[in-house]
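First the structure, in the form of structure tokens, and then the observations on it.
The values are calculated or read from the model by the stated rules, or taken from the named source; none is laboratory data. Note that the structure is a prediction, hence the values are computed from the model and not measured. For neighbour counting, all protein chains shown are included, and Cβ atoms are generated from backbone atoms with ideal geometry for every residue, glycine included.
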Amino acid sequence: MQALVFDIKRFAVHDGPGIRTTVFLKGCPLNCAWCHNPEGISPNVQTVIKTIRVDGKEFKEEEIIGNRLSVEQVLSEVLKEKVFMDSSEGGVTFSGGEPLMQPAFLKALLVACKKEGLHTAVDTSGYAKLSVVQDIAPYTDLFLYDLKLMDDQAHQFFTAVSNKLILDNLIYLLENRHPLRIRIPVIPEVNFNQENTTECLQFLAAHPGNIQGVDLLPYHNMANQKYLRFKKENSLSSLQSLPNSSLTKIREQFERAGFETKIGG
Amino acid sequence: MSGPDLKQKSVGNNYPISLMMTERIKQLRRESLEAVNSINAERALLITEFYSKHLAFGDSVPVQRAKSLQYILRNKSICINDKELIVGERGPAPKATPTYPEINVHSLQDLDILDTREKVWFSVDKETRKAYEELIIPFWKGRCNRDRVMESMSPEWLNAYQAGIFTEFMEQRAPGHTVAGYKLFQKGMLDILQDIKQSRSNIDPLNDPAAYDKLEELKAMEIAAHAIMDYAERHALKLEELAALEKDDQRRRELQQMAKICRRVPAHAPSNFHEVLQHYWFIHLGVITELNPWDSFNPGRLDQHLYPFYQAETADGSLNKEQAVEILQSFWIKFNNHPAPPKVGITAQESNTYTDFSLINHGGLTPDGKDAVNEMTFILLDVIEEMRLLQPSSMVQLSEKNPDAFIERAVRITKTGFGQPSIFNTDAIIQELLNQGKSLEDARNGGCSGCVEVGAFGTESYILTGYFNLPKILEVTLHDGFDPRTGKQIGLHTGKADSFSSFDSFLVAFKAQVEHFVRIKLAGSNLIEKIFMNHVPTPFLSLFIDDCVAKGMDYVGGGTRYNTNYLQGVGLGTITDSLTAISLHIFENKSISFSEFVKALENNFSGAEDLRYRLLYKTPKYGNDDDLADAHLAEVFDIYYRAVNGHVSPRGAQYRINLLPTTCHVYFGSVMHASPDGRKSGLPVSEGISPVQGADRQGPTSVLKSAAKIDHLHTGGTLLNQKFSPAFFENDDAIRKLGQLIRAYFKMNGHHIQFNVVDAETLRDAQKHPERHQGLIVRVAGYSDYFNDLGTDLQNEIILRTEHESI
């Protein structure tokens, strides 16, 4: 069994507890206007041309985005960091793209990681069949669950899919008291407004569960360069990055609702 | 002759000073920062007078040396700075720096260089220059130890030295590299005089052919012990004089109290907190006045030594924490008043800094193997953070048994971005010392000094002999033993580049060259050691390091319980990546012939940009946890380790290796063409065991994994530099993770790690506008320095070091 992986990042310190390795699986059913990993969207191998300058001379090279790797190959990369995971109660995080888009592989990897005693986290948009969520949940110690937009129409407009499935899956995990962190990318002109915050809080109040915290992720426009390389139109390219401090008010509201809340993840 | 407009460059006013500091300490700290580093001829004139008047004519050499120290301490001026609590300056004023013409007499040209150079500048006034011209140079020229050393070196040693294969530590400074142990803090001079008496009574002239030498050495030690007591008494008299004139009641009482302390120590064992610090400081001054030993002197495990005094006095109410902190801060400032003695030529290049490497240890284990972190450890860490001074250097020893709060406190200080404290692995240090044959208790009482060198504190003479340029030896191997820069055949004929049929046969040639140059270097070191034994013994230092007194033998003559000589390897990253490149492109892919490759290096890759592109971007690099790239690391280590280990010096020291550069990687790069890893001509080689600057692309955990593939436990210290942006330390969670990162590296037996916490933008701005960053201190390599005092190439290199952003 193989899956398409577009990056394995070591010393990831914002994707769950401790020192972690994050495995990025390629392919995503969403198409978020603010996506900072545009290379993760397509489920196919892609190539881009990179230019490197050495002593005034230009060298063009083809960069291949996406490697087909087996469970064993990914696991052996992940295990290289075991000493750091052990010292920090860290582990492995599967992200993307959307990791739930390659469910059989993800499950096999999660099982393999659990066998090695690793803490596992899945960073997901939640857009998958309920059966997929149910299938991997027993091997996932922590979900990093995106909650982007509460208004379904806006959700469809900005991400190309409805949020119904996402919210249903979240309700399932909350009702089963599965440990999770809620992650909210805060994007100017998209969800950086009081209505969305209020609706989020109402939703979470209506569905109590085992929420270990909320991460508010302020928009940054560092991916603009990536968009150029992928010849992908960036509809938000004119937006400025949000400073952490602009999210203080939102954080206070989540804290008042009883959630440990971090800005920047 | 006046210096350039850099006189105020060491002012640290840009950085906020905590409100915790008392007005007294603020004043002393400011005065220390503002004092101008200058050359002072007082000591040089006194020692010239002593020897030219034949004041010890006919005495044995150790006795002459002891009497010369006594002469200096009796006649040098006494300096008491306004409001200070710990007294004693090596020169007549803070940063007025003496010279040691008996070791190396500076020429008038040297003095001009010191007075005009931009970096590590020392002001030289007319009077000093005149004293040198008329009295000091005429007497010592041709008679100083440096002249003896250079005369004794073989032509092949001189050729290799000039080619930049190695440096020589004992050319301008004396051996030292040692640290105080428990005894120094528990005994007074009168106790040690008793020990000397006992030792003398044990000597058996009937059966011991060295009996007379021992008797003379003990006599010299006695004179030296009395000399420091007399010196303390001179301070007591001066303090009483000042007290009589003092109008402020509180200060008068202080001066009277300090006079009493100077009558108690160092003659008697210290009995309280203030006394123990003054006691150490007098001895420190004695060591750095007797000679100019490398790494000055060092109180070692200061939290362990001070804690019993602090505990007793705070329990009986005679001292509170605020008072203790103020005395400690006053003590700290004394170190900063004492820049390293001026270095010139290659010695200046290999260690281009005012820092004199007194590296204070905190934490670690007790002699019985328990967690040694105590309340004093945390107080000292507070002092380090608040004082923010270049000197003394500070480090923490981290054992598995130490609490997380300790390492997190230390990381929090490194976050403030002045490179201190550096972090060491106690459990590795102990194993390294045990591997060298130390007893478990002596190993647990040990630590690191200088940059990263392990030693058994209070019982070992561990002497650094010089840096060793591994990448340069590769260059010489590529040229069949010929050095293209000096145009001399300095190595063995091991074959022209095209004659090698396999990578293994090339490696055999490289190994032969390494062994060849190690033999030349160690032969030189053996002679130099004997020169010091015969001409420049150190009876004063010998009083404090066991078992010199008991054996009646000198510190430089094998009197200490353990004796080690180190040869410091430089450029491990550059040599590893160079071997990978040769193996891959010449022997595996056969994409270029060996002679064409060498030609491209000689031409600095001009017209060979394709090759350089492949070397930089298509060749595995050390530092990325890539087994292919790291494979040659073990080979180089093994070749170097086997070439050095096992040799024994005249005083019975084992030669061993460590891997650290100070600033020598810049000098070593400057004597080299382009190298096979893609480095261009003249640029620095890699430093310590850090990857080549910019070659690590997988983040810090990969660097640590690669670095852990070195057999640290068979070295006497390795140095790893990691640069983090301040953003990385943004919250408690991040600081905890850094602590855990360090613990993981130490679990893999890593010896040392240090953090540079500044963003590249700040550094670039400092380069452009040095005036805006006068107090900016950065971690260089085993020590911290003012960024403005670094050469441009070293500044560039620090900017280049990979930044591990927290994004």
message: So B:Gly419 passes all but one of these: (1) surrounded by 22 or more Cβ atoms within 10 Å (Cβ to Cβ); (2) more than 22 Å from B:Val179 (Cβ to Cβ); (3) at pLDDT below 95. Which condition number does it fail?
response: (2)
query: Would the stretch A:83-92 turn up any residue that is within 30 Å of B:Tyr745 (Cα to Cα) and among the polar types (S, T, N, Q)?
result: yes
query: Across the stretch A:10-57, what is the total count of residues that are within 13 Å of chain B (Cβ to nearest Cβ) and either closer than 23 Å to A:Val214 by Cβ or not basic (Lys, Arg) (or both)?
result: 19
task: Assess whether B:Ala93 counts as being on the phi < 0 side of the Ramachandran plot, of a type in the set (A, V, I, L, M, F, W, C), under 24 Å from the mean Cα position of the chain (by Cα) and surrounded by fewer than 20 Cβ atoms within 10 Å (Cβ to Cβ).
output: yes
- line: So, first residue under 16 Å from B:Leu28 (Cβ atoms) in the stretch B:310-330, second residue in a helix (DSSP H, G or I) and of a type in the set (Val, Ile, Thr), Cβ within less than 8 Å, six or more apart or across chains; the pairs are B:Val325/B:Ile379; B:Val325/B:Val383; B:Glu326/B:Ile25; B:Leu328/B:Ile379; B:Leu328/B:Val383; B:Gln329/B:Ile25; B:Gln329/B:Val383; B:Ser330/B:Ile25
task: Could you tell me whether the stretch B:627-638 includes any residue that is away from chain A (no Cβ under 14 Å), within 17 Å of B:Asp711 (Cα to Cα) and among the β-branched types (Val, Ile, Thr)?
output: yes
- request: Run down A:Gly90, A:Gly97 and say which single residue is surrounded by 17 or more Cβ atoms within 10 Å (Cβ to Cβ) and within 14 Å of chain B (Cβ to nearest Cβ).
  value: A:Gly90
query: Within the stretch B:265-274, is even one residue over 26 Å from the mean Cα position of the chain (by Cα), assigned to a helix (DSSP H, G or I) and surrounded by fewer than 21 Cβ atoms within 10 Å (Cβ to Cβ)?
result: no
- request: Determine if the stretch B:241-253 includes at least one residue that is surrounded by 19 or more Cβ atoms within 10 Å (Cβ to Cβ) and either in contact with a Cys (Cβ under 9 Å, 6 or more places away or on another chain) or at pLDDT 95 or above (or both).
  value: no
message: For the stretch B:597-614, give me the residue count where each residue is facing chain A (nearest Cβ under 10 Å), surrounded by 21 or more Cβ atoms within 10 Å (Cβ to Cβ) and within 35 Å of the chain's Cα centre (by Cα).
response: 0
- request: Could you list, in sequence order, all residues of the stretch B:503-518 that are free of Cβ contacts under 8 Å to residues at least 24 places away in the same chain and over 17 Å from B:Phe587 (Cβ atoms)?
  value: B:Ala512
query: When B:Gly176 is evaluated against the numbered criteria (1) surrounded by 14 or more Cβ atoms within 10 Å (Cβ to Cβ); (2) modelled with pLDDT of 95 or more, which criterion, by number, is the only one it fails?
result: (2)
field: Extreme residue, surrounded by the most Cβ atoms within 10 Å (Cβ to Cβ), among residues of the stretch B:475-504 that are small (Gly, Ala, Ser) and within 18 Å of B:Ala643 (Cα to Cα)
entry: B:Gly491
- prompt: Inside the stretch A:10-36, can you point out the residues that are over 21 Å from A:Leu180 (Cβ atoms), under 13 Å from the mean Cα position of the chain (by Cα) and modelled with pLDDT under 90?
  reply: A:Trp34, A:Cys35, A:His36
message: Need a quick list: helices (runs of 4 or more DSSP H) entirely within the stretch B:401-502 having at least 1 residues that are more than 30 Å from B:Ala163 (Cα to Cα) and touching a residue at least 40 places away in the same chain (Cβ under 8 Å).
response: B:404-415, B:426-435, B:440-444
query: Say we look at the stretch B:716-736 and pick out the residues that are in contact with a helix residue (DSSP H, G or I) (Cβ under 7 Å, 6 or more places away or on another chain) and under 26 Å from B:Gln431 (Cα atoms); which of these is farthest from the other protein chains (Cβ to nearest Cβ)?
result: B:Gly716
task: Spot the failing condition for B:Tyr161; the list is (1) closer than 22 Å to B:Thr353 by Cα; (2) surrounded by fewer than 21 Cβ atoms within 10 Å (Cβ to Cβ); (3) not charged (D, E, K, R), and only one is missed.
output: (2)
- request: With the checklist (1) within 14 Å of the chain's Cα centre (by Cα); (2) touching a residue at least 60 places away in the same chain (Cβ under 8 Å); (3) crowded, with 24+ Cβ neighbours inside 10 Å in hand, flag the one item A:Thr124 doesn't pass.
  value: (2)
- request: Looking for whichever is at pLDDT 95 or above, under 20 Å from the mean Cα position of the chain (by Cα) and more than 14 Å from chain B (Cβ to nearest Cβ) here; the options are A:Asn224, A:Asn176, A:Asn163. Which one fits?
  value: A:Asn163
message: Suppose we filter B:Leu572, B:Leu584, B:Leu579, B:Leu567 for residues that are out of contact with any helix residue (DSSP H, G or I) (no Cβ under 6 Å at 6 or more places or on another chain) and crowded, with 23+ Cβ neighbours inside 10 Å; which single one remains?
response: B:Leu572
field: Enumeration of residues in the stretch B:615-626 that are more than 9 Å from every other protein chain (Cβ to nearest Cβ), more than 15 Å from B:Ser686 (Cβ to Cβ) and in a helix (DSSP H, G or I)
entry: none
message: Looking only at the stretch A:75-87, filter to residues that are farther than 18 Å from B:Asn624 by Cβ and either touching a Cys at 6+ places or on another chain (Cβ under 6 Å) or surrounded by 19 or more Cβ atoms within 10 Å (Cβ to Cβ) (or both); which one of those is nearest to the other protein chains (Cβ to nearest Cβ)?
response: A:Ser87
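One line per residue, one yes/no per condition, for (1) within 13 Å of chain A (Cβ to nearest Cβ); (2) under 21 Å from the mean Cα position of the chain (by Cα); (3) on the phi > 0 side of the Ramachandran plot; (4) not aliphatic (A, V, I, L, M):
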position	(1), (2), (3), (4)
B:His647	no, no, no, yes
B:Gly652	no, no, yes, yes
B:Pro661	no, yes, no, yes
B:Val671	no, no, no, no
B:Ala707	yes, no, no, no
B:Gly739	yes, no, no, yes
B:Ala744	yes, no, no, no
